[in-house]
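Contents: one structure, followed by commentary.
The values are calculated or read from the model by the stated rules, or taken from the named source; none is laboratory data. Note that the structure is predicted; figures quoted are calculated from it, not measured. Please note: Cβ atoms are built from the backbone with ideal geometry, for glycine as well, and neighbour counts cover all protein chains shown.
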């Protein structure tokens, strides 16, 4: 076990006896070989000893009754109190909603074209119409099989005697 692995919670669990036997053994083995961790464990033991010496404070006899009386005296929440328990949260939510609406309204849509591209679009449309004559003969061009009528290279070679 490394020093970084022994957190404060592990030390406290080890010192007050909540750690399991495996965890307790691992911490003890590490502390036996590490002077810094041994010193830290001793500091925790001293702190526990000092806390044990402090006398426990007992509440007065009427403490429970006075707490219950103060809770009963608290004003009841109105039925709409759950809508905005904290004014800052309600104000923050309103500001975030307003900003979201502004961003959505101001953001250009994906399908909108930027200004100045209309001339380019019109030129592309004109070019498509201009080449329409070539497209009308597309079937003829694709079905033209002039290369299939040429003799193959195997037919042009003289046959070798066997």
- Item | Condition met for residue 84 (assigned to a loop (DSSP other than H, G, I, E, B), surrounded by 10 or more Cβ atoms within 10 Å (Cβ to Cβ) and modelled with pLDDT under 85) | yes
- Query: Can you name every residue in the stretch 5-44 that is in contact with a helix residue (DSSP H, G or I) (Cβ under 7 Å, 6 or more places away or on another chain) and exposed (fewer than 10 other Cβ atoms within 10 Å of the Cβ)?
  - Reply: 36
